[in-house]
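Peer 1: Structure incoming, see below.
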Amino acid sequence: MTTNTISAAHPRRALLSGWGRYPLSESDVYRPDKIAELQAVVTADSTSLIARGAGRAYGDAALNDHHRVVDLTRLNRMLSFDATTGLLRCEAGVTIAELIDVFLPRGFFPPVTPGTRFVTLGGSVAADVHGKNHHRDSSLASHVTNFDLMVASGEVLRCSREENSDLFWATVGGMGLTGVILELELRMRRVESAYLDGELIRAGNVDAAIEAFERIDAQYGYSVAWIDCNSTRSALGRSILNVGNFATLEQLPRNLAQDPLNTMPKLSPPVPLDFPVVNSLTVRAFNALNYAFHREKAAHTIFDWGSFFYPLDSIRNWPRIYGKRGFVQYQCVWPPDESRAGLIELLEEVTRSRRASFLAVLKKFGAQDGLISFPMPGYTLAIDFPVTDGLLEFLDTLDAMVLKRGGRVYLAKDARMSPETFRAMYPNLPKWQAAKAVADPGNRFSSSLSRRLRMTE
């Protein structure tokens, strides 16, 4: 490819961050419109490059400080769809929001979705995202049949469980470090409505929350809990569970059944300015009010799809409530026999620290494949912490607690873990490194995250 082709991609110097707005990173950013332009950028020289989607990874996974970043959001065409099988083929820059806009009115929904719909499918495969149905349906990779990957040479390889399988499993959850995902085939889920039939369940403490998750495990395909990280003693870990299945037409009240596939999400005004409101007093008050407000409701509560799956998407630019320094989302998982003790230990440490977190989410994980995918069977907790003095050292303490119980931390949300902790938490790293070395022998694809964690050493 020629230099003229590369200049057509319009590289620009830009200051980037993840969704947590921490850390900040300056890079040369390319936004190709065509595969040929992308290929020119990939093969132009041997300097470091990482693909970036919608920028919703929380930490430094899609950052490449003082190196090259390729923004794939313009490569977002939907290529084909088979309504009989539910198989969709599309480019990696398509977002989950775009899938919902196009396919929910036709009776299809993404098979797995994280807590925001404003993520690209390429980024979702690279992080092997999970959702509220992991205990039943595993992660996104379980529903991806194949994808096309541009490796360091510029060659495009079809990857599946049968073809280039080592590269398939190294790319799924591989944080963009094996190459650039160009397009993929995904099996969509057929639904009768845009609503969920479920329950709101109040749990008075950690034990009650786990009991509720176990009790509804086989009944409901989707489950998640908001958990109060400031409660103590007998109320430690008190929670509100939202559980449900997509509602059938028979389960909907008459007014909703008349337009069962309505896709209009509820929107709230944006947070217009950096306005740090998260502190120990505001969080304690919010948590107490939130728990008191959510009284037990009758079974078969009807949720709309937007409020059930994406409550924070209705608040545009919500990270601004943490102020200019940003925040770190800490997400970890413990194996089943360590989950209860791990949750109690971590929640007690958070309470002792008096570090404020009004957004804390508990989910149950099920079976999982992959080399360095995050989920494992057990329970996962995600907590937001404003960036304040001493936070990174405090999170190192949490790492040690999680590690000693056989757990691990999510790379897509990490911004500060040490290389030693990473290696201990991800024992399949040597297998991943071997597959990475074949596809990218010169380590052209790297990121701030991969260098910080020394992932290829």
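Peer 1: Among E37, E98, rank each residue by its count of other Cβ atoms within 10 Å, from fewest to most, as a rough exposure measure.
Peer 2: Working: E37 22, E98 17.
Ordered by Cβ neighbours within 10 Å, fewest first: E98, E37.
Peer 1: Let me ask another. Taking the alpha-carbon centroid of each part, what is the distance from the stretch 145-161 to the stretch 28-106 in angstrom?
Peer 2: 14 Å
Peer 1: Obtain the nm distance between the two label points defined at S80 and R352 by a simple spin-label model: each point lies 7 Å from its Cα along the Cα-to-C-beta direction.
Peer 2: Placing both labels 7 Å beyond Cα along the Cβ direction yields 5.9 nm.
Peer 1: Here's another thing I want to ask about it. To the nearest 10 degrees, how steeply does helix 336-353 sit against the main Cα axis of the chain, on a 0 to 90 scale?
Peer 2: Here the helix axis deviates by roughly 80 degrees.
Peer 1: How do E250, E345, E91 line up, fewest other C-beta atoms within 10 Å first?
Peer 2: Working: E250 8, E345 17, E91 21.
Placing the least packed residue first, the sequence is E250, E345, E91.
Peer 1: Across the stretch 444-450, in residue order, what do the Karplus-derived ³J(HN,Hα) couplings come to in whole Hz, using 6.51 cos²θ - 1.76 cosθ + 1.60 with θ = phi - 60° and x for Gly and Pro?
Peer 2: For the stretch 444-450, the Karplus curve yields 5, 8, 8, 8, 4, 5, 5 Hz.
Peer 1: So what is the calculated 222 nm ellipticity per residue for the chain, using -39500 (n - 2.57) for each DSSP H run with n of 4 or more, over all residues, to the nearest 500 deg cm²/dmol? Can you show the working numbers first?
Peer 2: Values: 15 runs with 130 residues, N = 457.
Helix contribution divided over all residues of the chain: -8000 deg cm²/dmol.
Peer 1: Name the residues whose placed amide hydrogens come within less than 5 Å of the amide hydrogen of Y22, ignoring near sequence neighbours (fewer than 5 apart) on the same chain.
Peer 2: F327
Peer 1: What are the ³J(HN,Hα) values, in whole Hz, obtained from phi via the Karplus relation 6.51 cos²θ - 1.76 cosθ + 1.60 with θ = phi - 60°, for each residue of the stretch 205-221 in sequence order, with x given for Gly and Pro?
Peer 2: Karplus values, whole Hz, x for Gly and Pro: 6, 4, 4, 5, 5, 5, 4, 5, 4, 5, 5, 9, 3, 7, 8, 10, x.
Peer 1: Mind listing the long-range amide H neighbours of E183? Cut-off is under 5 Å, sequence gap 5 or more, other chains count too, H placed in the peptide plane at 1.01 Å from N.
Peer 2: Counting only residues 5 or more places away or on other chains, the set is A92, D148.
Peer 1: What angle do you read, to the nearest 10 degrees and between 0 and 90, between the alpha-carbon axis of helix 280-293 and the longest principal axis of the chain?
Peer 2: So the helix axis and the longest Cα principal axis differ by about 60 degrees.
Peer 1: Please label the shape of the stretch 131-208 as rounded, prolate or oblate, based on the square roots a ≥ b ≥ c of the eigenvalues of the alpha-carbon gyration tensor (a/c under 1.5 means rounded; beyond that, a/b larger than b/c means prolate, else oblate).
Peer 2: Taking the square roots of the gyration eigenvalues as a ≥ b ≥ c, the stretch 131-208 is prolate.
Peer 1: OK, next. Sort 323-331, 120-128 by the packing proxy (mean of other Cβ within 10 Å over each peptide's residues), most packed first.
Peer 2: Values: 323-331: 20.4, 120-128: 28.2.
Result, highest mean Cβ count within 10 Å first: 120-128, 323-331.
Peer 1: In nm, to one decimal, how far is the R215 label point from the D259 one, both placed 7 Å along Cα→Cβ?
Peer 2: 3.7 nm
Peer 1: Sorted by packing (mean other beta-carbon atoms within 10 Å per residue), highest first, where do 149-161, 391-403 land?
Peer 2: Answer by packing, highest mean first, reads 149-161, 391-403.
Peer 1: Quick one: which of 369-375, 63-69 comes out on top by average Cβ neighbours within 10 Å, and what's the full order, highest first?
Peer 2: Values: 369-375: 22.7, 63-69: 20.7.
Per-residue mean Cβ counts within 10 Å order the peptides as 369-375, 63-69.
Peer 1: Here is the link list: K413/K436; K404/K436; K132/K436; K363/K404; K324/K404; K324/K363. Which ones come out longer than 24 Å on Cα distance? Each step should come with its number before you reach the end.
Peer 2: Details: K413/K436 21 Å; K404/K436 28 Å; K132/K436 30 Å; K363/K404 21 Å; K324/K404 34 Å; K324/K363 29 Å.
Long pairs (Cα-Cα over 24 Å): K404/K436; K132/K436; K324/K404; K324/K363.
Peer 1: What are the ³J(HN,Hα) values, in whole Hz, obtained from phi via the Karplus relation 6.51 cos²θ - 1.76 cosθ + 1.60 with θ = phi - 60°, for each residue of the stretch 384-398 in sequence order, with x given for Gly and Pro?
Peer 2: Result, rounded to whole Hz: 8, 10, x, 6, 9, 4, x, 5, 5, 5, 5, 5, 4, 5, 5.
Peer 1: Can you give the extra length, in nm with one decimal, that the chain gains between R233 and V156 once fully stretched, where that is 0.36 nm per residue apart less the Cα-Cα distance?
Peer 2: Values: separation 77, 0.36 × 77 = 27.72 nm, distance 5.61 nm.
Going from the current span to full extension adds 22.1 nm.
Peer 1: Among T95, H130, T145, which residue has its Cα positioned farthest towards the positive end of the charge dipole of the stretch 78-191, with +1 placed on the Cβ of Lys and Arg, -1 on the Cβ of Asp and Glu, and the dipole taken about the Cα centre?
Peer 2: Towards the positive end, the residue furthest out is H130.
Peer 1: Right, another one. Please list, in chain and number order, the residues 5+ apart from F365 or on another chain whose amide H is under 5 Å from its amide H, with Hs placed from the backbone.
Peer 2: Placed amide hydrogens put G378, Y379, T380 under 5 Å from F365.
Read-outs: derived from the displayed coordinates by stated rules, not from any lab. It should be emphasised that the depicted structure is a prediction, and the values quoted were computed from it without experimental measurement. A quick note on method: Cβ atoms are made from the backbone with ideal geometry, for glycine too, and the neighbour counts reach across all protein chains shown.
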